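Please read the structure below before turning to the comments.
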Ligand SMILES: Cc1cc2nc3c(=O)[nH]c(=O)nc-3n(C[C@H](O)[C@H](O)[C@H](O)COP(=O)(O)OP(=O)(O)OC[C@H]3O[C@@H](n4cnc5c(N)ncnc54)[C@H](O)[C@@H]3O)c2cc1C
Ligand code: FES
Ligand code: FES
C-alpha cells in the first residue's frame, strides 16, 4: 500500500498532513494545529454538537457532492482523507458578511453565550444545503444532536424557518450560499475532490502506530489476517470515545470506510444487503421503506451527525446490550456475512452474541454485510425505544416484534429486547407462550408473565431492574393494543409522549 499523508480540501485549498498521530481527532487538528477555533469542544463524545462540521464527498454517481454534518470531536483525522471539510469559518463570504444561516440566527436571536452556535450553524447549514423546505419535524430532527443551555431552542427553530429567505442575488454566485435547488451542482468542488482520488490505500505510521485504509475487501482481509490485534474502525462513534474518553491507545487501526465492497447497499427480491461500512443514514431509509414500523426507532437513533458517521455494522459488531438496531434485526431474521482471510460464512444474528462483549468472531474475522429478509406483507413489524429523552438518548429498554396472525390465532411471533440482559436477545419464553394462541388480552398477560423467565435485568442510572421489567411488559401490552387499533403507534419517553 502507498500513501502516508492525509489530504483533504479546506476553503478551496488542499491540506496535506504528514506524520500525524492517526487517532488525532479532526477537532484537535482544527483547533490546536490550524488554530481554527470557531469549532468548539463541549463534551468530546458526540453528544452536544458544539464540534459539528460538514464533510462533502463525491456522491455514488460521481457527479455531485453529498454533504453530511458530523461530530469532529470523535472523528480521527485520516477518515476525512479525500473529502472536503467545511467549518463555520468557511461559511461567511467575506469578513463583514454572514452566511444566510448565520444572518437568520442573528436576526432571530438564536445565539446568547454563543458556545453552541457554530455547531447549530453547521447543522443548519447541512439542512440548508440538502432540504428544500423542511417541516418542523425535519428541523427538530436535524437539530437533535445540538444542545443549547441558553436559548430554549425556539429562536434557533425560528432561524431555521427563516434561513431560506436570507440569500441575495449577489451571494448566489457562491456555492456555499446557495440553498437546496437548481443551483446545487458544484462542478469545481467535485473536480477538486476527484483529483484527490487514491489508486492505492492509505498506510500511516506514526510513533509506532499504524493506520490502514485499504480500498478493496481482499486487501482488508489480508491486512486484518496479518494484524488480528488491530482495531477495526468504521464510523468511529463507539471507537472514537475509547480514545477521547477512555484514553485508550490504539496501536493499529484498520478502517472500513474506504473499502468499496463494504459500502455496497442492495435490495433484491429476497433480501436487503447492507455492507458493513454503510452509514446508518444511508441504510435506514432503505430498511424503513420495507419496514415502516421501524421508522420511529431509526429517527430516534442518536442524532444526524452520529447516524451520518456510524454504521449498522458497527452497531452490531460493537454488541452493546442497549444497541438499538439488533432487536429489530433479530426479529426480522437477519444474518451476518463474515469473512476471515478467504473463508466466508453466514451466521444468524441471534447466534452472534455469546455474552457481554463476547461474540462469535474469530481472530482476523470481520463483518462483511448484514442480510435482512425482504418484508412479508402479512407480518406486522414494530420496534419501541423507551428512554429518558426523546432525542439523542440511549435506550433504557428497546423492543421489537414480528407478528403473523391467521385470523385471530398467532401463527408466528418473534420478540427481541435490548436493555434487559448482558446482550440483546430473543424473548423465547414469551414467544413460546404466544405460539398458536389466540391474540387477545388473556394470552398477552400470560406472555407478560413469561417475560420474567426471559430476562433478569440489572439496575443502573437509566432504570431499575423492576422498572425495566414492568416497562417491557407494558410495551408488549401496548404493541397488542396497537394491533387492535386501540391506540396509535407512538413513542415513549419517561413522562412524555410525542
Ligand atoms: C452521542 C452518541 C449517541 C449514540 N446513540 C445511540 C443510539 O441511540 N442507539 C445505539 O444503538 N447506539 C448509539 N450510539 C452508539 C454508536 O453510534 C453505534 O453503536 C454505531 O452504530 C457504531 O457504529 P460505528 O460505525 O461508529 O462503529 P465504530 O465505532 O467504528 O466501531 C464499533 C465496534 O464495531 C467494530 N467493527 C466495526 N466495523 C466492523 C466490521 N466490519 N467487522 C468487525 N468489527 C467491526 C469496531 O472494531 C468496534 O468494536 C451512540 C453513540 C454516540 C457517541
Ligand atoms: S464536542 Fe460535544 S459532540 Fe463533539
Ligand atoms: S447560546 Fe449558550 S449554549 Fe447555546
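Among 73, 116, which is the only one that is touching a helix residue (DSSP H, G or I) at 6+ places or on another chain (Cβ under 6 Å), within 16 Å of ligand 2 (Cβ to nearest atom) and in contact (Cβ under 8 Å) with a residue 40 or more places away in the chain? Explain how you work it out, then say what you get.
Values: 116 fails: touching a helix residue (DSSP H, G or I) at 6+ places or on another chain (Cβ under 6 Å).
That would be 73, the only listed residue that is touching a helix residue (DSSP H, G or I) at 6+ places or on another chain (Cβ under 6 Å), within 16 Å of ligand 2 (Cβ to nearest atom) and in contact (Cβ under 8 Å) with a residue 40 or more places away in the chain.
Restricting attention to region 42-70, which residues are away from ligand 2 (no atom under 13 Å from the Cβ), part of a loop (DSSP other than H, G, I, E, B) and farther than 22 Å from residue 199 by Cβ?
If we filter region 42-70 for residues that are away from ligand 2 (no atom under 13 Å from the Cβ), which is where we start, we get 54-68.
Then drop every residue that is not part of a loop (DSSP other than H, G, I, E, B), which leaves 59-64.
Within region 42-70, just 64 meets the criteria.
Go through (1) farther than 29 Å from residue 215 by Cα; (2) touching a helix residue (DSSP H, G or I) at 6+ places or on another chain (Cβ under 6 Å) for residue 292 and report which single condition fails.
The failed condition is (2).
In region 424-467, which residues are under 27 Å from the mean Cα position of the chain (by Cα) and at pLDDT 95 or above?
If the condition is that a residue be under 27 Å from the mean Cα position of the chain (by Cα) and at pLDDT 95 or above, then 424, 425, 426, 427 are the ones that fit.
Within region 20-66, how many residues turn out to be free of Cβ contacts under 8 Å to residues at least 24 places away in the same chain and within 16 Å of ligand 3 (Cβ to nearest atom)?
Residues meeting the conditions: 0.
For region 174-196, enumerate the residues that are surrounded by fewer than 15 Cβ atoms within 10 Å (Cβ to Cβ), part of a loop (DSSP other than H, G, I, E, B) and at pLDDT 80 or above.
Matches in region 174-196: 195 only.
Which number in (1) over 18 Å from the mean Cα position of the chain (by Cα); (2) farther than 24 Å from residue 249 by Cα; (3) surrounded by 23 or more Cβ atoms within 10 Å (Cβ to Cβ) marks the one condition that residue 52 misses?
Looking at each condition in turn, residue 52 falls short on (1).
So for region 285-298 (the condition being near ligand 1 (Cβ under 7 Å from one of its atoms) and buried (at least 24 other Cβ atoms within 10 Å of the Cβ)), does at least one residue qualify? First the steps, then the outcome.
Of all residues in region 285-298, those near ligand 1 (Cβ under 7 Å from one of its atoms) come to none.
No, every residue in region 285-298 fails to be near ligand 1 (Cβ under 7 Å from one of its atoms) and buried (at least 24 other Cβ atoms within 10 Å of the Cβ).
Out of the residues in region 202-236 that are in a strand (DSSP E or B) and buried (at least 23 other Cβ atoms within 10 Å of the Cβ), which is nearest to ligand 3 (Cβ to nearest atom)? Talk me through it step by step, then tell me what you get.
Here is the first cut: in region 202-236, the ones in a strand (DSSP E or B) are 202-206, 209-213, 231-233.
Checking the rest, the ones that are also buried (at least 23 other Cβ atoms within 10 Å of the Cβ) come to 202, 204, 211-213, 233.
Details: 202: 37, 204: 36, 211: 34, 212: 39, 213: 36, 233: 31 Å.
Among those that are in a strand (DSSP E or B) and buried (at least 23 other Cβ atoms within 10 Å of the Cβ), it is 233.
In the set 333, 314, 341, 364, which member is in contact (Cβ under 8 Å) with a residue 12 or more places away in the chain and surrounded by 24 or more Cβ atoms within 10 Å (Cβ to Cβ)?
It is 314.
Residue check, residue 352 against (1) in contact with a strand residue (DSSP E or B) (Cβ under 8 Å, 6 or more places away or on another chain); (2) under 30 Å from residue 199 (Cβ atoms), all met but one. Which one?
It fails just one condition, (2).
Looking at (1) out of contact with any helix residue (DSSP H, G or I) (no Cβ under 9 Å at 6 or more places or on another chain); (2) crowded, with 19+ Cβ neighbours inside 10 Å; (3) in a strand (DSSP E or B), find the lone condition where residue 471 falls short.
(3) is the only condition that residue 471 fails.
Name every residue in region 1-39 that is assigned to a loop (DSSP other than H, G, I, E, B) and closer than 18 Å to residue 91 by Cα, in order of residue number. Break it down stepwise before answering.
Of region 1-39, the ones assigned to a loop (DSSP other than H, G, I, E, B) are 1-5, 11-12, 18-24, 34-39.
Residues satisfying the conditions are 11, 12, 34, 35, 36, 37, 38, 39.
Please find, within region 240-273, the residue that is surrounded by the fewest Cβ atoms within 10 Å (Cβ to Cβ) out of those that are within 19 Å of the chain's Cα centre (by Cα) and free of Cβ contacts under 8 Å to residues at least 12 places away in the same chain.
266
Collect the residues in region 105-127 that are away from ligand 3 (no atom under 12 Å from the Cβ) and touching a strand residue (DSSP E or B) at 6+ places or on another chain (Cβ under 8 Å), keeping them in residue-number order. If you could, list the steps in order and put the result at the bottom.
At the first step, the residues of region 105-127 found to be away from ligand 3 (no atom under 12 Å from the Cβ) are 106-108, 122-127.
Within region 105-127, 122, 123, 125, 126 meet the criteria.
Among the residues of region 8-20, are any away from ligand 1 (no atom under 14 Å from the Cβ) and over 21 Å from residue 196 (Cβ atoms)? Step through it out loud before you land on a result.
From region 8-20, those away from ligand 1 (no atom under 14 Å from the Cβ) are 8-20; that's our starting set.
After this cut, where a residue has to be over 21 Å from residue 196 (Cβ atoms) as well, the list is none.
Within region 8-20 (the criterion being away from ligand 1 (no atom under 14 Å from the Cβ) and over 21 Å from residue 196 (Cβ atoms)), the answer is no, since none of the residues qualifies.
For the list (1) within 10 Å of ligand 1 (Cβ to nearest atom); (2) not assigned by TED's automatic domain parsing to the domain that holds residue 300, I need the number of the one condition that residue 384 fails.
Here residue 384 meets the rest and fails (1).
Pull up region 141-163, narrow it to residues that are in a helix (DSSP H, G or I) and within 16 Å of ligand 1 (Cβ to nearest atom), then point me to the one that is surrounded by the fewest Cβ atoms within 10 Å (Cβ to Cβ). Break it down stepwise before answering.
To start, the set of residues in region 141-163 that are in a helix (DSSP H, G or I) comprises 141-142, 154-163.
Retained after the next criterion (residues that are within 16 Å of ligand 1 (Cβ to nearest atom)): 141-142.
Working: 141: 17, 142: 23.
Taking the candidates together, the pick is 141.
Considering region 366-393 alone, what residues qualify as being over 23 Å from the mean Cα position of the chain (by Cα) and within 23 Å of residue 266 (Cβ to Cβ)? Walk me through it before giving the result.
Of all residues in region 366-393, those over 23 Å from the mean Cα position of the chain (by Cα) come to 376-380.
Of everything in region 366-393, those that are over 23 Å from the mean Cα position of the chain (by Cα) and within 23 Å of residue 266 (Cβ to Cβ) turn out to be 376, 377, 379.
The values are calculated or read from the model by the stated rules, or taken from the named source; none is laboratory data. Keep in mind that what you see is a predicted model, and the values were worked out from it rather than measured. Every residue, glycine as well, gets a Cβ built from its backbone with ideal geometry; the counts of neighbours run over all protein chains shown.
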